[in-house]
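Report on the structure given below.
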Amino acid sequence: MQTLTQQTHVDKENMKVVVKRKPGRPTADTEINIEHLCDVAVNVFAEKGYSGTTTTEITKKAGVARSLIHYYFGNKEELWKASLKRIANEFINEFENSKKIHKDLDGIQMIKVVVRQLVHFYSKYPAFPKILAQEMSDQSERSEYIIKNFVKPLWNVTGELFKKQRKKGAIKKIDKEFQASILLGMASNFFSNPYLTKHLYEIDPFDDEVIERYADTVVDIFCHGIVKAS
C-alpha cells in the first residue's frame, strides 16, 4: 500500500495519480485511476446515501489507500463533489462533441441525437439519478450544489436546442418543466431499477443490444410526442 511519503504527481489528461516509489525501493510505479475511484464513489453514495457512506468503504472497493483520498480530495464531501462533477462534465463534453459532429443535422434530428445520448448516459451511470433523488427531496447544501453545478449547466447546454425548435414551431409548446421530467424519467428509470427489470421481463437492461433497442424506443416515443404534425 502506497503512503504519502512517496513522490506523486497528477496526470490530469488521463485522470490518474501516479505514485512513484522512493529511490532504493522497487522501481515499479503504482497508479491510482481517479476516474475509476470516482465511479466507485458514485456507486457507493447511491447505494448507501451520503450519510451512510464512509471513505473507508470507498477506498476498500476501489483498492486504494485511504490516506491518498484525504490527500487529494480533503474529505468525503469533496470526493462526492468531484465524483458527480466528473460525470456531469462527461455528458456536457459529449453533447458539445455531438454538436460539432452533427452540425449539418436539422434541429429535430439533433434532438433525437440528444435523446439517444441521454439514454446511453443513464445506462452508463444509473447511480447518478439515484443520488439526485436522494439529495433533491429536501433543501440542503448538497441539493443547492447539485442545482448550481449540475442541473442548471446540463439544462443550459440542451435547453437552447429545444428553445430554437419551439420558436420555429417545429415542436409543441409543452411546459419546459413537464418536458424535462418526461424525458429524464424515460431515459433513466429503466436503468435505475435493474432488479425490477430483470425480475419482470427477464432481460438485462445493461446488455448493449437492449440499450440500443431501448434508446430507439425512447427516441421514437418522445420525438413523435413532441414534434408537431405537419
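Extension gain, Lys152-Thr54: 0.36 nm per intervening residue step, less the Cα-Cα distance, totals 32.4 nm. As a proxy for reagent exposure, ranking Ile182, Ile211 by other Cβ atoms within 10 Å from fewest up yields Ile182, Ile211. Packing around the peptides 65-72, 81-88, 50-57, taken as the average count of other Cβ atoms within 10 Å per residue, puts them in this order, highest first: 81-88, 65-72, 50-57. For the range 182-230, the Kirkwood hydrodynamic radius comes to 11.7 Å, computed from all pairs of different C-alpha atoms. Using Cα-Cα distances under 8 Å and only pairs 6 or more residues apart, what relative contact order does the range 122-208 have, in percent? Relative contact order comes out at 38 percent. Each Lys and Arg Cβ is given +1 and each Asp and Glu Cβ -1; about its Cα centre, the chain then shows a dipole of about 720 debye. The mean sequence separation of alpha-carbon pairs under 8 Å and at least six residues apart, normalised by the residue count of the chain, gives a relative contact order of 17 percent.
Rounded to two decimals, what is Rg over Rh for the chain when you use alpha-carbon atoms and the Kirkwood radius? Mind showing how you got there, number by number?
Working: Rg = 20.5 Å, Rh = 19.8 Å.
Answer for the chain: 1.04.
Pairs Lys130/Lys168; Lys85/Lys124; Lys100/Lys168; Lys85/Lys173; Lys60/Lys152: which exceed 27 Å Cα-Cα? The pairs that break the limit, which is 27 Å between Cα atoms, are Lys130/Lys168; Lys85/Lys173; Lys60/Lys152.
Rule-based calculations on the coordinates, nothing more; no lab input. Here the structure is a predicted model, which means the values were calculated and not measured. All Cβ positions, even for glycine, are placed from backbone atoms using ideal geometry, and neighbour counts span all protein chains on display.
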